[in-house]
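Beneath this line is the structure, given in structure tokens, with notes to follow.
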Amino acid sequence: MKLRKYKKDDSAIICSWIKDEMSLYQWSADRIDKFPILDDDLNKNYEPVIESDRFIPLSAIDENDTVIGHLFIRYPNEIDDSIVRFGYVIVNPALRGCGKGKEMLKLAIDYARNELNASMITLGVFSNNNSARYCYEAVGFRSVERKELYKMAIGEWECIEMELFLV
């Protein structure tokens with residue numbers, strides 16, 4: 001597996017992995033607020049920020065150049081480039097449970113450390129998404145005390161804030 005820059009063609013592949021509303025909201029929170037999601041919806045979501053040097057969408061590909069995962073890295077603070085945030089973390093559902101998520105996250109962590117010189121990575125995970133939380137913990141993320149409630153079309157969910165120090 002390796003990470004490469006996101007391409008517009010990746011949108012249809014990634015969007016095809018979202019089979020139900022629960023998966024949509026666990027993945028995108030309230031950022032993509034419609035189901036079913038269409039092939040170009042990820043591109044439309046990224047359109048306002050895709051050209052920014054503070055937003056880095058990446059796709060994980062296998063040895064055949066097939067997209068098998070995706071995430072973005074962004075700078076949440078305009079004046080502090082030492083902290084980055086992961087979002088929209090997803091792996092092809094057919095490949096879940098066999099270490100691909102951890103492998104992708106480790107590559108993204110290395111990218112944040114070595115290419116972006118980040119000293120900390122943050123992310124949010126919903127409390128009803130245990131498999132994602134366990135995956136994040138397996139690569140070193142730890143929960144912090146901050147929790148936030150998200151009100152979405154299918155209910156109100158608690159989001160657990162996580163962080164990983166790279167120094």
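The values are calculated or read from the model by the stated rules, or taken from the named source; none is laboratory data. Everything quoted here is computed from the prediction, not taken from an experiment. Glycine also receives a Cβ, built like all others from the backbone with ideal geometry; neighbour counts cover every protein chain displayed. The area values use the complete protein model at the heavy-atom level, side chains included, leaving out ligands, DNA and RNA. Shrake-Rupley method; radii C 1.70, N 1.55, O 1.52, S 1.80 Å.
If you check E21, E47, which single one turns out to be open to solvent by 60 Å² or more (accessible area, probe 1.4 Å), farther than 20 Å from L107 by Cβ and touching a Phe, Trp or Tyr at 6+ places or on another chain (Cβ under 7 Å)?
Values: E47 fails: touching a Phe, Trp or Tyr at 6+ places or on another chain (Cβ under 7 Å).
So the residue among E21, E47 that is open to solvent by 60 Å² or more (accessible area, probe 1.4 Å), farther than 20 Å from L107 by Cβ and touching a Phe, Trp or Tyr at 6+ places or on another chain (Cβ under 7 Å) is E21.
Could you please give the count of residues in region 92-122 that are under 24 Å from V144 (Cβ atoms), touching a residue at least 12 places away in the same chain (Cβ under 8 Å) and open to solvent by 40 Å² or more (accessible area, probe 1.4 Å)?
Selection size over region 92-122: 6.
Could you grab me the full set of residues in region 137-160 that are closer than 24 Å to D33 by Cβ, surrounded by 15 or more Cβ atoms within 10 Å (Cβ to Cβ) and within 18 Å of the chain's Cα centre (by Cα)?
Hits for region 137-160 are W157, C159, I160.
Check V125, V89 and return the single one that is surrounded by 17 or more Cβ atoms within 10 Å (Cβ to Cβ), in contact with a Cys (Cβ under 8 Å, 6 or more places away or on another chain) and assigned to a strand (DSSP E or B).
Numbers: V89 fails: in contact with a Cys (Cβ under 8 Å, 6 or more places away or on another chain).
Testing whether each residue is surrounded by 17 or more Cβ atoms within 10 Å (Cβ to Cβ), in contact with a Cys (Cβ under 8 Å, 6 or more places away or on another chain) and assigned to a strand (DSSP E or B) leaves just V125.
Quick check on Y111: is it closer than 22 Å to M1 by Cβ, part of a helix (DSSP H, G or I) and not charged (D, E, K, R)?
In short, yes.
Does I73 satisfy being closer than 23 Å to E158 by Cα and open to solvent by less than 10 Å² (accessible area, probe 1.4 Å)? Before the answer, list the steps.
On the way: closer than 23 Å to E158 by Cα: yes; open to solvent by less than 10 Å² (accessible area, probe 1.4 Å): yes.
So I73 passes the test.
Taking the criterion of being in contact with a helix residue (DSSP H, G or I) (Cβ under 9 Å, 6 or more places away or on another chain) and assigned to a loop (DSSP other than H, G, I, E, B), would at least one residue in region 65-83 satisfy it?
For region 65-83, residues in contact with a helix residue (DSSP H, G or I) (Cβ under 9 Å, 6 or more places away or on another chain) and assigned to a loop (DSSP other than H, G, I, E, B): present.
Within region 128-162, how many residues turn out to be part of a strand (DSSP E or B), among the small types (G, A, S) and in contact with an Asp or Glu (Cβ under 9 Å, 6 or more places away or on another chain)?
Total meeting the criteria: 1.
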